[in-house]
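The structure appears right after this line, and notes come after that.
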Amino acid sequence: MKILFTKNIDRNMISRELGDDIAVDCIEVIKTTPAHVKPFDLKNKSLIFTSANGVDSFFKNGFMPNEDFTAKNYNKIYCVGEKTKKELRKHGFGTFKVLKNADTLSKFITAKCQHENFLHFCGNLAISVLDKDLPLQNIKYKKIIIYKTEELSPMINEKYHAAVFFSPSGVRSFAKQNSLEGMKLISIGETTSRELRKHTLEKVLTSEGNNFLSILKLIRKEILNKD
């Protein structure tokens, strides 16, 4: 059994969860770098983060939210996924709301937060759900490109029983030079699964949570039949 992870992953964690009887390769298919954005006033803005990279680049550029809910001009922070939430915690900030994916975030904002003014700190290849849905509902929304993603598109000659994907851009990067046919396809979330379905008719297995442990549990159950 050979499994490809399309990003560098801690091999010890993989071994602990999956055992030592499988062969694992980790190949980066995308590269992210912070973009330079001069900090500006966040007064009366609600902040959206859909990736840990967005959070990291936000603070590297010197932005600082006001999380004091008793203050007049505090910032509500919305994020997608537990990994993004943990990155905010590392910088000492909590979240007003954590949603599983961009679709559920869009629906939540549309239903409950129509009068807020949103800034989405994201990458240049960020998912387009929010910027398509929110303006249609006359919700004030603006993307701030805080990091850049480059699709590396490596050609991979090795054959694998399964491949694991972590983002839509990772799927596109892999699919430019490689076939998705004849493999078990595992995705970290529905947004990435949706991108996979654009490139193949193969069945896509989607993790319940947007985190790496959920991915490993899915592999154990559906690929290795260990649970």
- [ ] Return the total of residues in segment 72-106 being more than 25 Å from residue 215 (Cα to Cα) and part of a helix (DSSP H, G or I).
- [x] 0
TODO: Kindly provide the set of residues from segment 154-178 that are assigned to a strand (DSSP E or B) and crowded, with 22+ Cβ neighbours inside 10 Å, ordered by number.
DONE: 163, 164, 165
Open item on the list: Yes or no: segment 115-123 includes at least one residue that is surrounded by 14 or more Cβ atoms within 10 Å (Cβ to Cβ), more than 21 Å from residue 85 (Cβ to Cβ) and without any contact (Cβ under 8 Å) to a residue 60 or more places away in the chain.
Closed with: no
Open item on the list: From the list 95, 84, 104, exactly one residue is in contact with a Gly (Cβ under 9 Å, 6 or more places away or on another chain), assigned by TED's automatic domain parsing to the domain that holds residue 49, hydroxyl-bearing (Ser, Thr, Tyr) and within 19 Å of residue 129 (Cβ to Cβ). Which is it?
Closed with: 84
Task: Of all residues in segment 54-78 being within 19 Å of residue 32 (Cβ to Cβ) and not polar (S, T, N, Q), the one that is surrounded by the fewest Cβ atoms within 10 Å (Cβ to Cβ) - done: 62
- [ ] Output yes when any residue across segment 79-90 is crowded, with 19+ Cβ neighbours inside 10 Å and among the hydroxyl-bearing types (Ser, Thr, Tyr), and no when none is.
- [x] yes
TODO: Run down 51, 46, 15 and say which single residue is of a type in the set (S, T, N, Q), without any contact (Cβ under 8 Å) to a residue 24 or more places away in the chain and either crowded, with 16+ Cβ neighbours inside 10 Å or assigned by TED's automatic domain parsing to the domain that holds residue 175 (or both).
DONE: 15
Task: Considering residues of segment 184-222 that are buried (at least 17 other Cβ atoms within 10 Å of the Cβ) and of a type in the set (Gly, Ala, Ser) only, the residue modelled with the highest pLDDT - done: 187
Open item on the list: Just to confirm my filter: which strands (runs of 3 or more DSSP E) fall fully inside segment 1-68 and include at least 2 residues that are closer than 22 Å to residue 130 by Cα?
Closed with: 30-34, 46-49
Task: Among residues of segment 179-222, those that are assigned to a helix (DSSP H, G or I), touching a strand residue (DSSP E or B) at 6+ places or on another chain (Cβ under 8 Å) and β-branched (Val, Ile, Thr), counted - done: 3
Open item on the list: Looking at residue 163 and the list (1) over 24 Å from residue 215 (Cα atoms); (2) in contact with a Lys or Arg (Cβ under 8 Å, 6 or more places away or on another chain); (3) at pLDDT 95 or above, which single condition is not satisfied?
Closed with: (1)
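The values are calculated or read from the model by the stated rules, or taken from the named source; none is laboratory data. Values in this document were obtained by computation on a predicted structure and should not be read as measured data. Cβ coordinates were reconstructed from backbone atoms using ideal geometry, including for glycine residues, and neighbour counts include every protein chain displayed.
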